[in-house]
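What follows is a set of notes on a single structure, which appears directly below.
The values are calculated or read from the model by the stated rules, or taken from the named source; none is laboratory data. It should be emphasised that the depicted structure is a prediction, and the values quoted were computed from it without experimental measurement. Heads up, the Cβs are rebuilt from the backbone with ideal geometry, glycines too, and the neighbour counts pull from every protein chain shown.
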């Protein structure tokens with residue numbers, strides 16, 4: 001297909017192209033995230049045409065509940081007029097300014113409001129363009145902080161198996177999902193990975209309390225063996241999102257945080273998913289898990305997906321340490337062209353208004369119903385566990401409930417369920433043998449019931465498929 005010429009007058013929009021042409025253009029020119037080598041640069045994924053509230057409409061005209069809220073992010077729902085209006089208004093007032101030399105009002109106001117929601121003392125923010133760059137910024141700040149304080153050897157980063165922290169080189173190096181590293185290089189020498197805190201996959205016969213003791217003891221052993229003087233940071237999602245909505249044992253995070261404080265290790269809470277209402281709070285670290293991190297990374301829900309924005313909340317005492325150092329000339333040589341973007345910050349301010357004006361309370365009010373409704377799916381033989389918190393949950397499918405083994409099961413089971421659900425009116429986030437649900441916070445109890453009923457039917461149809469194909473015997 002030849003290059004697409006611009007039409008005379010206004011530029012050509014989606015409505016000017018037949019559906020088949022859009023598919024061919026995508027196959028010829030568009031590269032989307034996480035492609036496989038066999039189709040890279042030559043694929044067209046299912047197209048979403050419109051959205052409203054908790055629903056999206058696909059290219060075939062089907063109205064679907066947006067089960068994943070885009071990518072954990074459309075917290076205020078699709079087609080929110082207030083967010084769209086403020087985005088347009090700010091673009092007409094000030095569309096951009098260089099953060100190297102100037103400041104804009106929305107970014108300054110937003111920083112103060114975010115500090116008001118963060119744990120006490122975590123009162124500064126560096127804005128980025130998304131979650132990966134937020135994590136990258138936190139790690140680079142840790143490196144800078146230790147260099148300036150005369151501790152250049154204190155750079156190792158401790159993360160966890162099953163975790164996900166981004167797609168930039170250093171943030172991706174922290175990821176603990178095997179397929180993330182199968183064909184991609186990483187800075188593995190800078191990272192130590194601990195056991196995934198997944199209670200569902202703890203050793204047989206081990207209590208939750210003993211599992212938590214094991215996890216904490218493992219971290220303590222790493223500190224003793226490696227040396228606290230070499231470990232710069234521990235990073236953790238309060239709930240592992242893309243790893244399958246892993247909710248750690250009670251008290252685990254607080255104990256890990258205490259170990260960090262005892263050994264001068266910075267604790268980075270990766271709240272890219274759990275912040276801005278997903279767990280009913282703007283930030284979940286203190287309010288939900290009773291921890292006060294040194295840094296909190298955020299993105300996604302900060303603008304409800306309407307504009308790319310992320311950031312790092314940083315404890316003020318870390319800046320005080322730097323200002324008292326013997327290297328006041330040292331420069332934190334890190335920044336992004338779109339740091340503190342005025343449009344993104346204006347949208348985030350309005351999004352925060354919406355959260356504070358009732359959406360957080362609504363999310364808290366429906367979360368129990370959401371969890372109980374999905375938990376009932378455990379009566380299906382294919383479902384090993386339904387777990388979650390707030391408005392995020394995971395349905396994990398297993399080959400059998402004795403071994404909880406997914407490996408003898410068709411590893412496309414999540415995609416099979418998603419395909420059936422799509423036909424029935426629901427988008428699902430498939431993760432190998434798991435289905436993740438994290439709908440817009442605006443979802444109603446009736447919509448939760450509709451979502452669960454469709455998911456149940458999608459799983460039942462998948463069980464029929466697997467049985468018919470001899471892949472599963474129930």
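The set of residues in region 443-461 that are outside any helix (DSSP H, G or I) and buried (at least 23 other Cβ atoms within 10 Å of the Cβ) contains only 443. The conditions of being more than 21 Å from the chain's Cα centre (by Cα) and at pLDDT 95 or above are met by residue 460. Close Cβ contacts (under 8 Å, 6 or more residues apart or on different chains) running from residues in region 110-122 that are under 15 Å from residue 347 (Cβ atoms) to residues that are in a loop (DSSP other than H, G, I, E, B) comprise 114/282. Of the residues making up region 233-275, those that are more than 26 Å from residue 435 (Cβ to Cβ) and surrounded by fewer than 22 Cβ atoms within 10 Å (Cβ to Cβ) are 251, 254, 255, 258, 259, 261, 262, 263, 264. Is it fair to say residue 38 is touching a strand residue (DSSP E or B) at 6+ places or on another chain (Cβ under 7 Å) and not in a strand (DSSP E or B)? So residue 38 does not fit the description; no. Taken over region 14-31, residues that are in a loop (DSSP other than H, G, I, E, B) and in contact (Cβ under 8 Å) with a residue 12 or more places away in the chain amount to 1. Of the residues contained in region 122-131, one or more are found to be within 21 Å of the chain's Cα centre (by Cα) and part of a helix (DSSP H, G or I). Is it true that some residue in region 50-73 is part of a helix (DSSP H, G or I) and free of Cβ contacts under 8 Å to residues at least 24 places away in the same chain? Scanning region 50-73, I find no residue that is part of a helix (DSSP H, G or I) and free of Cβ contacts under 8 Å to residues at least 24 places away in the same chain, so the answer is no. Any idea how many residues of region 56-77 are out of contact with any helix residue (DSSP H, G or I) (no Cβ under 9 Å at 6 or more places or on another chain) and modelled with pLDDT of 95 or more? The number of residues fulfilling the criteria is 4. Residue 291 meets each of the listed conditions (1) within 12 Å of the chain's Cα centre (by Cα); (2) over 29 Å from residue 414 (Cβ atoms) apart from (1).
In the set 219, 211, only one residue is in the same structural domain as residue 289 (by TED's automatic domain parsing), farther than 23 Å from residue 294 by Cβ and touching a helix residue (DSSP H, G or I) at 6+ places or on another chain (Cβ under 7 Å); that residue is 211. Counting the residues of region 95-110 that are touching a helix residue (DSSP H, G or I) at 6+ places or on another chain (Cβ under 6 Å) and outside any helix (DSSP H, G or I) gives 1. The set of residues from region 137-160 being part of a strand (DSSP E or B), farther than 23 Å from residue 125 by Cβ and out of contact with any helix residue (DSSP H, G or I) (no Cβ under 6 Å at 6 or more places or on another chain) comprises 158, 160. Where strands (runs of 3 or more DSSP E) fall wholly inside region 344-441, the ranges with 1 or more residues that are crowded, with 20+ Cβ neighbours inside 10 Å, touching a strand residue (DSSP E or B) at 6+ places or on another chain (Cβ under 8 Å) and at pLDDT 95 or above are 383-389, 392-397, 434-437.
Checking 332, 319, 298, 283 one by one, the residue that is in contact with a strand residue (DSSP E or B) (Cβ under 7 Å, 6 or more places away or on another chain) and over 24 Å from residue 390 (Cβ atoms) is 319 and no other.
The residues of region 188-240 that are part of a loop (DSSP other than H, G, I, E, B), under 12 Å from residue 160 (Cβ atoms) and without any contact (Cβ under 8 Å) to a residue 40 or more places away in the chain amount to a single one, 195.
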